[in-house]
Structures are given as structure tokens and as C-alpha cells.
Amino acid sequence: MIQKYRFGTPFPTESVVKELEITAGTLPYLTVSEGDSLSFSYRMDADDAVYGLGQNVRGINKRGWLYRSKNCDEPSHTEEKNSLYATHNFLIVSGKHRTFGLFLDYSGIVSFDVGYTHLDTLVITPEDGNLDLYLIEEDSLLAIVKSFRGLIGKSYIPPKWAFGLSQSRWGYASEQDVREVARRYHENHLPLDSICLDIDYMERYKDFTVNQETFPDLPKLADDLKKEGIRLVPIIDAGVKIEEGYDVYEEGVREGYFCKRADGSNFVAGVWPGRVHFPDFLQPKARKWFGEKYQRLIDQGIEGFWNDMNEPSIFYSEEHLNEVFDEIDELKKQELDIDSFFHFQSIVSGINNNESDYRRFYHNVNGKMVRHDAIHNLYGYNMTRAAGESFLTRYPDKRLLIYSRSSCIGMHRYAGIWCGDNNSWWSHILLALQMMPSLNMVGILFCGSDIGGFLMNTTEDLSLRWHALGVFTPLMRNHSSRGTREQEPYQFDNIEMFRRVISVRYALLPYLYSEFMKAARNDGMYAMPLSFIYPEDPLACDVEDQMMIGESIMIAPVYRQNAAGRAVYLPERMKLYRFRGAESVTSEILEAGMHYLPVALDEVIFFVRPNHLVPCCKGADCVADLDESTLSLLGFVETEASYTLYHDDGFSREYDNPANFTTLTLSADGTKTASDDRITLL
Ligand code: GLC
């Protein structure tokens, strides 16, 4: 059951797709304070857990920290941070006495004090008093999530090739560099489905342009690589370079599609290309205009994109930069002492993404000028929606790949995300695991972290362990920053170890894709905390480094430096599978309880629940080459197990066609059946 409560006059975020009546009564359980500022508080029991808040630092249970919904370009995902790139104002309080979900449909900044100021108190404080609050009560955690997802609409589904491995790096500077990546992948028999083009492919960082010197024939490059099963995925940034003669800039100025200053002039920010204007993605016309520009690259053979810097990230505004220069001129006249030196340091380091800059520009919302900070958190969503809407209109029968850095609830209907600029740190493998279920709760199913780590120098063992987690994340992309150690699998000594790990992804794709599609179609979760399945087991509820993936399996990745294995908690008897490459598989049944399991660097392990099945195939060099007409069934069958496999063409949007479903059944005596004779079971 969902109840909607209205406070003030909310800005229409368009996060919700289902209209509900506003409840007249008072909000139960929470104390509402409507004095100077609105806030909601709740006294938590000692063992209440709090789940949700989407993309954020810290663990699965969000208790014990202060989170702030304010989209920001935050490249350092450390524990003391309060915000990352996204706003996902949904949480679940899970307790013995009371369990409920809350969603704040709100465009401004919200602080979630989850037992930070007072251990036992949750306090939610929006910046002002204009929002819709939804209270969701169902009889399980998953049912709360499903109910919420019914409210916000179905999740985006990418083409199937997007589930293959993607290789990326900021710094593939030319066509030769890109061909070299493809060549070395093939030469080393490493599967690959896409290569991302970072800002290097553009002509001086201008959106929808291609540098003709370094990428002289993009259509040919895209076509040649597609013949090898590899697609190119270019980046698009939010800011449009100010340059006479650049048509995107000129059209935007002419049509009034850019964000304005208070005096009506176009706001100028500095980002990669130097001075840019920001498209006013809140205007439907500007969205349509920008969304159609993607066609330029689609016409050159492109089928996927990533949208970046769309918080939006601001290196500087002209106004603020001038203020800083003036202040520095003053400081130059003095001898810098303890105070003035630190002041100098803080004004310089505070130039980028400065709060004051987000108050300098406006959006045209139905003819009314709305200052950016009031709708800041909706910006990335609407940039990506521009692309998503255009793809849906132009390609009603074909899926295109798109994922964004910034997001907000609602964007999950148009795209996935990648988790932004992490570091080559062991702790970030764990963070990547922990973020996944919180993202799934808010409908973002297609997601993944930069495997190997984006910033800092990676190591071979860290990369291997991260790929082993990546086997299970819907987006499996190795990405790194320029200036860091090169981290394509073939850069390391033990390429065959990477091959073994990556090939498991392809072997498991029948199961992983099927589980993803079922989660998307049924408003379910692809990655779930153990507490969602074993709510009565206090040990399972405490586990923060294992995850249920789909209905049949649990994973337990290794994320510690030099660890030869790890301790795993099994809430019930399960069958452990060890894969060392797609072909080398062993299994053993383990009793419920704690186990220490050795895990080699090139091994992928997972656990199958009793009476559950996992269909898999032989693996291939790319998704298109997978032979799924013959499947093997892994499973732990004590009596009988059956599995409904979702299998489609991977391109069309015919998700609900009954022909895409096959029921596979396996009995303890080994008898197998499949409802679809296209699938042969081994
Ligand atoms: C941002 C993105 C990163 C990208 C870089 C250059 O930092 O998050 O993924 O490589 O910009 O475009």
C-alpha cells in the first residue's frame, strides 16, 4: 500500500508515473516538524536497518551516517563524503516492530541524518517545504521495492551486447589506438563487446563532432569493428562549446535552448572545451533538439553512448573566476600567514563546482524562470532523458545503449549509470558491490563500477579480483583515467588469468541476462542483500560483502589485498561452484554456517541455493557469438527445481512476448525438461 502526502507546492519532477490521490490524514510513525523548516523524524530501534539512498558511500545498511542529496562531480568516493553524483531519495526502515519505505519526490537538496547526530534517530530535512512524500508498506522488503517501482515506472533495458565486456580508457587518442585495443583483445583470445570512446574522439571536446585528424573515418572504424563483434560507445558531455560556426552552439543560441543568467544572457561555464553553455534540458523543446543530435553519431554506425559531466560539473564560472582573481590580487599585496595562506588555498581549491555558481543561472520552465539550484538534481536525469526520448521516438523497435553519470529517480526509465570516478583501491571493490542493491531499489538495474579503478595506478591482482566481481554486474566495463597505469587485461603478465575470469561472464550470460530481464519486467531486483531473502536470520542480515544475484545464486567476491580466499556465511545449505575459465568447473555442497574458502586469483566462485538452477552456455568471443541453443544446467537439486529462462533476440523491445520464456525443470534423478524445443539441455 502506498500513501501520498503533500507538503507545500512541489516542483513537478516527473519522477513518478502513477498518479495517486493525496492522503488527507496525518503521516503515521514519523514526527513532522513544520516550524521554520520542514523535517521528518523517526526513532529507530537498536536493530532497525535502513536500506536505500541509491548511489552513496558506505555500506548496504545506511545507518550511522549523514547523506545529502545533491548531485555533484565528486571524484573521491571516501567514507566522509555525503553526496555523490545522484539523488535517490528512497529508503526503507526495516525493523522487528515496523518496516516501511519512504520516497521524497523533491527537486531540492535533502539531508538524511540516519543516526548520525543521535544514534537512534532518523531525521530527513528537505531544503524547503515543497514536496510529495510517499509512505510504502508491504509485507516484505522486496514487496516494498516492487510497490515503489510500480510508482516510478519500468527500468531501462539495454541491448544484449551491452552485457558483454566493455573496454574503456580516457586517452585512446586515435583510430589506431582503438584498433590496437581490439587487436590485442583478439590476439589474446579475450572476449570483448565494446570499446568506449572518451572525450579524445571529439574535435576539441565539442559534442557530436569527431576529430577528423585522429578519427578520419568513424563509420569505417565502427563498421570494421562491428564485423568483429565490437561496438563503439562514445561519450557525450553536458556543456556545449561556445564557438562561432559550431552549429550546435549557434542553434542553441538562436532557439533560446541554453540556461540563462538573471539578466537573460546565456550563462557561461568552463568545462573541458573551455567556455560552454549548458542546454536547458528542462525545456521539452531543448530536450528534443539535443536528443536528436545523437543521430549524427548513430548515422556513423554508433549504437551506444555514455552521458557525462551532467551534474552539471562546472570547472569555473566567469563571474566567480573574476572574483577569485580579484581576491588573489589583494592577497599578493600581503605576506601570507597561517590564516591568509589557508584562505588562499581554499579559494583556489573551491573554484570548481562552487555552490555559488549553481545560483547564477536559470531554466525556463513553462515560461517561468526557475533558478538552477532549485532543480539542480534533475539536470542529469533530463539530459539523459533527452537521448532516451529521442531513441524511443526514432527507434521504437530497437534498443540503444545509454548510461549516465548523474541521475535522479525517473532517469532509470531511460538509461543505466556507471558509478563515476572511483579509485584503484581494494575498498572500492567492496563499495561497488554495496552500491548495486541500493541502485536496484530505485530502478537502476543496468549499472557497474569502473573495473580496475578509474584514478590511481591499479595492480594485476586488484584488477583480477575486480573483474571477478564484474562478472556479475550488468555493466562490466574496465575504465581508467589518462595518466594512470594502463589496465587492459593484456597489459599484465598473466593474461590467461584474465581470460579465464572474463570467459565466465559469457558462460553465465544465459542466467545473468535472464535474471536482469525478469527484474526489469517485474520491478524486481537483480542484486539483493541477503537480508531480503533471509530476514529472520540475524547473521545473514549483518552480511555486507555477499550478495544474492537473481533467484538462484549468492556471490562472495574477494576484495582484500593478498587474501588467498575469504570467509563466507551460508544462510542455508548451498552448492559452491568454482569456475576457472568457462570450461573448468567443480562443485561441492556446503552446509549452512561460516566457511573459509580459498579462492585463486583466476577463479570465480558462487553458491547455488537448494532447488535452484543456473542455465549457462559455452562462452564465446562476443555476445553475438554465444550459442544458446544448447544450454547446460548448473544446479543444486534436492528434490526438483525449475527455472524460467528469459531469452530473446537482445535487440527488439518485445519484452513481453511469451515466446521469450522457457521453463526448464530438473529432478533429483537427473530427468530434465524444457518447454521450448529450441533449447537443448545437456
Ligand atoms: C569524467 C568521467 C570519466 C571520464 C573523464 C573524461 O571524469 O567520470 O569517466 O573518463 O571525465 O571524459
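Every read-out reported here was derived from the displayed coordinates using simple, explicitly stated rules and does not represent laboratory data. Note that the structure is predicted; figures quoted are calculated from it, not measured. No Cβ is skipped: glycine too gets one built from the backbone with ideal geometry, and neighbour counts run over all protein chains shown.
Per the helix-only calculation at 222 nm, which mean residue ellipticity applies to the chain, given -39500 (n - 2.57) for every DSSP H run of n ≥ 4 and division by its residues, nearest 500 deg cm²/dmol?
Helix contribution divided over all residues of the chain: -7500 deg cm²/dmol.
Placing +1 at every Lys and Arg Cβ and -1 at every Asp and Glu Cβ, with all other atoms neutral, what dipole size does the chain have around its Cα centre, in debye to the nearest 20?
About 1060 debye.
Using 0.36 nm times the number of residues separating Asp36 and Ser652, minus their current alpha carbon distance, what extension gain do you get?
216.5 nm
So which GluC sites (Glu not before Pro) in the range 291-398 are both in a DSSP loop and have at most 14 other Cβ atoms within 10 Å of their Cβ?
Sparse-neighbourhood loop GluC sites (Glu not before Pro): Glu335.
Report the extension gain between Thr78 and Asp676 in nm, rounded to one decimal, defined as 0.36 nm multiplied by the number of residues separating them, less their alpha carbon distance.
210.4 nm
Go through the range 211-245 and name the GluC sites (Glu not before Pro) that are in a DSSP coil and have 10 or fewer other Cβ atoms within 10 Å of their Cβ.
Glu213, Glu244
If one computes P(r) from the Cα atoms of the range 384-437, what percent of pairs lie at distances over 15 Å?
Beyond 15 Å sits 56 percent of the P(r) for the range 384-437.
Give me Ile109, Ile195 sorted ascending by neighbouring Cβ count inside 10 Å, so fewest comes first.
Fewest-to-most ranking of Ile109, Ile195: Ile109, Ile195.
Only sites in a loop by DSSP and with at most 15 other Cβ atoms within 10 Å count here; which trypsin sites (Lys or Arg not before Pro) in the range 215-303 make the cut?
Arg261
Can you sort Ile533, Ile417 so the residue with the fewest Cβ neighbours within 10 Å comes first?
Ile533, Ile417
In Å, the Kirkwood hydrodynamic radius of the range 318-476 over pairs of distinct alpha carbons?
The answer is 19.2 Å.
Would you mind ranking Thr484, Thr125 by Cβ crowding within 10 Å, fewest neighbours first?
Ordered by Cβ neighbours within 10 Å, fewest first: Thr125, Thr484.
Suppose we keep just the DSSP beta bridges with both residues in the chain; what percent of those would be antiparallel, to 5?
75 percent
Gain in length, Ala600 to Glu640, computed as 0.36 nm per residue apart minus the alpha-carbon separation, to one decimal in nm?
Extending this stretch completely gives an extra 11.2 nm.
Which FRET efficiency value, to the nearest 0.05, do you get for Glu536 and Glu588 by plugging their Cβ-Cβ distance into 1/(1 + (r/R0)^6) with R0 = 22 Å?
It comes to 0.25.
On a straight-distance basis, which lysines could pair with Lys146 in a cross-link, Cα separation under 16 angstrom, same-chain partners fewer than 8 positions away excluded?
Leaving aside lysines fewer than 8 places away in the same chain, those within reach of Lys146 are Lys18, Lys154, Lys518.
Quick one: putting +1 on the C-beta of Lys and Arg, -1 on the C-beta of Asp and Glu, what dipole do you get for the range 69-202 around its Cα centre, in Debye to the nearest 20?
It works out to roughly 560 debye.
What FRET efficiency do you get for Asp263 and Tyr29 if R0 is 60 Å and r is their Cβ-Cβ distance, rounded to the nearest 0.05?
0.80
Quick check for you: which residues of the range 264-281 have the amide N under 18 Å from the point 7 Å beyond the Cα of Glu250 toward its beta carbon?
Only 277 fall inside the zone, counting backbone N under 18 Å.
Projected onto the charge dipole of the range 239-355 (+1 at Lys/Arg Cβ, -1 at Asp/Glu Cβ, origin at the Cα centre), which of Gly291, Gln345, Val240 gives the Cα projection farthest towards the positive end?
Gly291
Provide the convex hull volume over Cα atoms per residue for the range 210-303, in Å³.
Spread over its residues, the Cα hull of the range 210-303 gives 111 Å³ apiece.
For Arg6 and Arg573, FRET efficiency with R0 = 41 Å and r from the beta-carbon atoms, rounded to 0.05?
Efficiency, rounded to the nearest 0.05: 0.25.
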